[in-house]
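See structure below.
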Amino acid sequence: VTARGLWRERSLLLLPAGTLLTVAVLVPVLRVLGLSLSFVMLRGGIETRWAGLAQFVRLWQDSRFLTALGNTIVFTTASVLLEMVLGVAFALVLHRVFRGRGPARAVVMLPWALPTAVMALAWAWIFNDSFGVANDLLERAGLIRQPLAWLGGPASAMASLVIADVWKTAPFVMLIALAGLQTIPTQVLEAARGVVLPLLAPALLVALAFRAIQAYGAFDLIYVMTGGGPGGSTETISLYAFSNYFRYLDFGYGSAIAVMGAILLGLLALAGSTLARLRRGA
Amino acid sequence: VEHARNERMGPAALASLAAALLAALAGCSGGPAEQAPMARVGVLVPSSERPLWLALADSFETAHPGVRIDVVEGPQATDLRENLYTASLLAKDPSFDLVYMDVTWTSKFAAAGFLEPLDSWFPEEERSRFLPEALAAGRVGGRLYRIPVRTDVGLLYFREDWLRAAGRAPPETFRDLLSTAEALQDPPMRWGFVWQGKQYEGLVCDFLEVLHGSGGYWIDPATGEVGLDRPESIAALAFLSGCVRRAHVTPPGVTTYQEEESRRLFQDGRAVFLRNWPYVWRLAQSEDSPIRGRIGAGPMVHRRGFPPAATLGGWGLGVSRYSRNPEGAVAFIRFVASMAGQRILCLSSGYAPSRAEAYRDSDFLAQNPFLEEIARVHRFAVPRPRIARYALASDLLQRHLSAALAGTETPATALRRAARETRALLRASGFLPEAGR
């Protein structure tokens, strides 16, 4: 086979994957980038005009965007931290051999299998002030005297969201950690318990990356449980971008929010991986 | 605003939506049909209203054999249906010829060029048959884009039995309500006054009534002036937040309530007063309701010396710019808005009709004696601002109202910020005064 023939064969083989990536990823990404550089106006029709970087300037002067960014960071940090701790703890317990381990694993995985919108609705009712189970249990236990409006105050609403998210996604971290544990030989585990975490680190990094990206883009849970309230205290950047697209038909600004969100997440990932490399090098 | 917005799209709804899209695709490619050409008119409706719309379609098709009405069942939640319509109209998709819309969508859809003006289809003679406020809600920039088919006004419900036992009249002013609520309540088992305090459109509706009842306003339709930071407006918000934070007649959980959460408390006999829409009457008076026959309703309370106010809601039909069959669509609108159509849509459901004649009709009054009260309250109806960026104006007001109720902003700070942001929004998007009704 000539070099040219080989090249042709390779490009032919790459064509299906390349086409799929172009259509499904590249085109939409370029479109969003283009929109983020334009003004979209409603004047008896949708008019689009070049804006340069004006939408990005507007972002940093918009207190609602800055609040949403802060909320996103709080939500991501709190829920991912708790999920990592609980997920690893569950994995360590469920890795041991005991009677009923199979069913126990299945039960722990259950929340992960439920659709988020459905379980968010259930959590909203659990945290309801008059009809909710949370208040009922706490009152019976004598921990509170007056029913609490869980989703009605800024701090408690955020805490409720984190609880619901941890309940739903700690099983995912557990699954990855469990898979990681199974690659470590039993003798090693038995000989030195202290080395478990370092050996598990590669698996945990994968779980961390997945969860951080998902929590950063969390939408359905928050949309259903609080709608971003009260007073905008649980609005995340994905909710804000969504409102701009669908409710305000402001595609330019909505795209700018999405692009800025992606840039910030990229910077975060870069910082994380650099830090990890430095520590390994040291 | 619609109640029961928490339900999600069911499999049946998805299936019928998919069917509609397939039907549209088949339409594009010509389809296999060699049969007589049937003009299709598609409309997306909430799942709970599907039986009513099927009955309307049946009745209409009998009189118009050439037109087939395709009733597509959508999700119950108003904002999800708004998103589906928006996505479909953005894609210039012709599958929904008719847009069945809330009052608040009209300006946005009209400004985006999604809707066909209806002025030439509905001459003055026909227009005069609707409740004037309901019809005016469909006007944007001097053109008519939406024909009302059912209307909504905010009401104050009360426990007539408790009021009578205590020798108290239904309240008229803010002060009346507070004193009666304080006297009759026994929290947390029985609250004085429940309403919609979650950060969403319903909160704006509740506030608008208190605002106008205090002599304030949101955006002046003629001048574009913003009145949110005037002293009377701040007093209005102070009343609402005071119900929760000072008088304690409203549960702190009101900051999470939509229509249904507040109705449940009232219907369980756990509230003296409830602010809500006309749909509550039917449910509260149903066979299995513990408060059946014990309630009354009237206009919202107001400041002494000012008229009460009732936020105008309701549903209407517009014609999509991308419709392939606007004639059929208009014919169907005309039918739904006729007395025959209004009977099918409103008689059994208890919805308030949009046609003025229905409020004097013996059939309607026999089925729903409550209509007289609605007609009375309709005189105090206040519309929400008809501006293209209404959703943004509403959202930023909601945020600050909600912050005041949660106690993170004072009423004065909340409304000063809301006013400043609203002015910036109107400057940026360009305000057009409403040209006559």
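General remarks:
- For the range B:76-87, a residue qualifies if it is more than 10 Å from chain A (Cβ to nearest Cβ) and touching a helix residue (DSSP H, G or I) at 6+ places or on another chain (Cβ under 6 Å), and exactly one does: B:Q76.
- Pairs, first at positive phi in the range B:117-142, second crowded, with 16+ Cβ neighbours inside 10 Å and of a type in the set (S, T, N, Q), C-beta under 9 Å, six or more apart: B:G141/B:S107
- Residue list for the range A:237-253, restricted to those being within 14 Å of chain B (Cβ to nearest Cβ) and in contact (Cβ under 8 Å) with a residue 40 or more places away in the chain: A:L239, A:Y240, A:L249, A:D250, A:F251, A:G252, A:Y253
- Residue count for the range B:88-124, restricted to those that are within 14 Å of chain A (Cβ to nearest Cβ) and either over 16 Å from the mean Cα position of the chain (by Cα) or in a helix (DSSP H, G or I) (or both): 19
- Note on the range A:124-170: residues that are assigned to a helix (DSSP H, G or I), in contact with a Pro (Cβ under 7 Å, 6 or more places away or on another chain) and among the polar types (S, T, N, Q) total 1.
- Count - residues of the range A:113-123 that are free of Cβ contacts under 8 Å to residues at least 24 places away in the same chain and assigned to a helix (DSSP H, G or I): 3
- Test: residue in the range A:98-112 that is in contact with an Asp or Glu (Cβ under 9 Å, 6 or more places away or on another chain), in a loop (DSSP other than H, G, I, E, B) and either crowded, with 19+ Cβ neighbours inside 10 Å or not acidic (D, E) (or both): no
- Residues (over 24 Å from A:M119 (Cα atoms) and either touching a residue at least 24 places away in the same chain (Cβ under 8 Å) or of a type outside the set (A, V, I, L, M) (or both)) located in the range A:198-214: A:P198, A:L200, A:P202, A:A203, A:L204, A:L205, A:V206
- The range B:242-267 residues that are charged (D, E, K, R), paired with ones that are modelled with pLDDT under 95 and in a helix (DSSP H, G or I) (beta carbon under 6 Å, 6 or more apart): B:R263/B:V280
- Residue in the range B:30-44 that is crowded, with 17+ Cβ neighbours inside 10 Å, within 26 Å of B:Y279 (Cα to Cα) and at pLDDT 50 or above present: yes
- Here B:V272 qualifies as of a type outside the set (S, T, Y), more than 26 Å from B:A391 (Cα to Cα), in contact with a Lys or Arg (Cβ under 6 Å, 6 or more places away or on another chain) and not in a loop (DSSP other than H, G, I, E, B).
Condition check ((1) at pLDDT 95 or above; (2) more than 30 Å from B:Y322 (Cβ to Cβ)) across all residues:
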site: A:L42; (1), (2): no, no
site: A:L66; (1), (2): yes, yes
site: A:V88; (1), (2): no, yes
site: A:M109; (1), (2): no, yes
site: A:W112; (1), (2): no, yes
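- The residue list A:M158, A:M109 contains one member that is within 15 Å of A:G228 (Cα to Cα) and in contact (Cβ under 8 Å) with a residue 40 or more places away in the chain, which is A:M158.
- The set of residues in the range A:65-96 that are under 18 Å from A:L161 (Cβ atoms), of a type in the set (A, V, I, L, M, F, W, C) and touching a residue at least 24 places away in the same chain (Cβ under 8 Å) comprises A:A68, A:L69, A:V74, A:F75, A:A78, A:V80, A:L82, A:M84, A:L86.
- Residue tally, condition within 12 Å of another protein chain (Cβ to nearest Cβ), assigned to a helix (DSSP H, G or I) and either at positive phi or touching a residue at least 24 places away in the same chain (Cβ under 8 Å) (or both), over the range B:405-419: 4
- Flag for A:G232 being more than 10 Å from chain B (Cβ to nearest Cβ), crowded, with 20+ Cβ neighbours inside 10 Å and touching a residue at least 12 places away in the same chain (Cβ under 8 Å): no
- Checklist (1) of a type outside the set (F, W, Y); (2) away from every other protein chain (no Cβ under 14 Å); (3) over 19 Å from the mean Cα position of the chain (by Cα); (4) surrounded by fewer than 17 Cβ atoms within 10 Å (Cβ to Cβ) applied to B:N368, failing item: (4)
- Test for B:E260: is it surrounded by fewer than 23 Cβ atoms within 10 Å (Cβ to Cβ), within 14 Å of chain A (Cβ to nearest Cβ), in a helix (DSSP H, G or I) and not polar (S, T, N, Q): yes
- Any hit, the range A:266-282, residues being more than 21 Å from the chain's Cα centre (by Cα), at positive phi and either surrounded by 15 or more Cβ atoms within 10 Å (Cβ to Cβ) or free of Cβ contacts under 8 Å to residues at least 12 places away in the same chain (or both): no
The values are calculated or read from the model by the stated rules, or taken from the named source; none is laboratory data. Remember, predicted model here, so these are calculated numbers, not experimental data. Positions of Cβ are backbone-derived with ideal geometry, glycine not excepted, and every protein chain shown enters the neighbour counts.
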